[in-house]
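The values are calculated or read from the model by the stated rules, or taken from the named source; none is laboratory data. A quick note: this is a predicted structure, and the numbers were derived from the prediction, not measured. Glycine gets a Cβ as well: all are built from the backbone with ideal geometry, and neighbour counts include every protein chain shown.
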Ligand code: NAD
């Protein structure tokens, strides 16, 4: 009989982590999840779920008491622009996420772990390449000279480098993905940590048919948004590959935030007015460059934004009805 592969998912109570647990179960893994909290919107699919604080080294050592074939490190103190770009949470973001990564890597060496996946971010890319909303540059080799526009991005870049040192000095197998705005069902949609697609779905769903929604900035800033199913596919393909340098996992379907809002209104069958207000914005333009992922994994994300928005809007609409 073949042995069931075992995986550990750190951050398994979060948006991507809870979906990843489901995906790993479908792929035949025995899965242990760990997080400060259980998933908010559905029961965890993990075989074993540990609630614990990964800033505490003893927690990291405790959860790795068995041999894992694969470790996925997604735990981080994070949120959307309203959390990351105000500057009010910079110390927590840097301290908490760096501690988690320092501890998990130390643990990997102590426990002789084989392979670890690290979720970095498009926020590591330098601001100077993302000033033109129509022509941002986010190829993997454009990360240096480094100039991320947030402390969140600096921590991710520091941690990427940290993982690479453990690979170089201790031979730990690493895989690093730079995620670009992942969205989908069961993602945070209120409370201050939500990201643009979920926040706009909520605003549109809560607005009366002839109402107005608020959009931060002039709405001409651009981004691409990746639906969760493509993100999971990318994570698994990267983990199965032998590539140990950072790779973008993102959509190349760039839209302005005004266009994103219009697409969501179409899902709701509402024609709302947009009021532009001041708010934390981040870079002027960003899009995933998928040349490297195409060349290394012979794959790239392909689910249309429209499809993901349809699913996400429906889910948020249902959540709002349940809450009212
Ligand atoms: P999330 O906030 O939903 O999940 C992160 C999880 O980490 C949370 O459940 C949180 O409780 C947990 N966590 C935080 N501190 C912890 C601690 N000290 N001990 C144990 N658990 C702790 O975020 P997500 O959207 O699922 O993102 C997952 C990863 O991907 C993060 O590292 C994030 O920085 C990265 N990422 C996400 C996106 C995106 O668009 N969602 C984009 C780029 C990078």
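Listing for the model above:
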| item | result |
| --- | --- |
| Which numbered condition residue 42 fails, given (1) over 29 Å from residue 170 (Cα atoms); (2) surrounded by fewer than 16 Cβ atoms within 10 Å (Cβ to Cβ); (3) in contact with a helix residue (DSSP H, G or I) (Cβ under 6 Å, 6 or more places away or on another chain) | (3) |
| Residue within the range 84-105 that is at pLDDT below 95, closer than 21 Å to residue 183 by Cα and within 14 Å of the ligand (Cβ to nearest atom) present | yes |
| Residue satisfying condition, being in contact (Cβ under 8 Å) with a residue 60 or more places away in the chain, farther than 30 Å from residue 209 by Cβ and crowded, with 18+ Cβ neighbours inside 10 Å, within set 288, 302, 241 | 288 |
| Search result, residues across the range 161-220 that are in a loop (DSSP other than H, G, I, E, B), under 30 Å from residue 69 (Cβ atoms) and more than 13 Å from the ligand (Cβ to nearest atom) | 171, 172 |
| Condition check for residue 219: within 17 Å of the chain's Cα centre (by Cα) and either more than 26 Å from residue 294 (Cβ to Cβ) or buried (at least 23 other Cβ atoms within 10 Å of the Cβ) (or both) | no |
| Count of residues meeting criterion [touching a strand residue (DSSP E or B) at 6+ places or on another chain (Cβ under 9 Å), without any contact (Cβ under 8 Å) to a residue 24 or more places away in the chain, in a loop (DSSP other than H, G, I, E, B) and within 11 Å of the ligand (Cβ to nearest atom)] in the range 38-75 | 1 |
| Residue 16 vs. criteria within 20 Å of residue 176 (Cα to Cα) and surrounded by fewer than 16 Cβ atoms within 10 Å (Cβ to Cβ) | no |
| So residue 6, is it surrounded by fewer than 17 Cβ atoms within 10 Å (Cβ to Cβ) and more than 9 Å from the ligand (Cβ to nearest atom) | no |
| Residue tally, condition surrounded by fewer than 18 Cβ atoms within 10 Å (Cβ to Cβ), part of a loop (DSSP other than H, G, I, E, B) and touching a helix residue (DSSP H, G or I) at 6+ places or on another chain (Cβ under 7 Å), over the range 254-278 | 2 |
| Unmet requirement for residue 33, which otherwise passes all of (1) more than 9 Å from the ligand (Cβ to nearest atom); (2) out of contact with any helix residue (DSSP H, G or I) (no Cβ under 7 Å at 6 or more places or on another chain); (3) closer than 22 Å to residue 188 by Cβ | (2) |
| Complete set of residues in the range 137-160 that are more than 16 Å from the ligand (Cβ to nearest atom) and either buried (at least 21 other Cβ atoms within 10 Å of the Cβ) or not in a helix (DSSP H, G or I) (or both) | 137, 139, 144, 145, 146, 147 |
| Complete set of residues in the range 17-28 that are touching a helix residue (DSSP H, G or I) at 6+ places or on another chain (Cβ under 9 Å) and more than 11 Å from the ligand (Cβ to nearest atom) | 22, 23, 24, 27 |
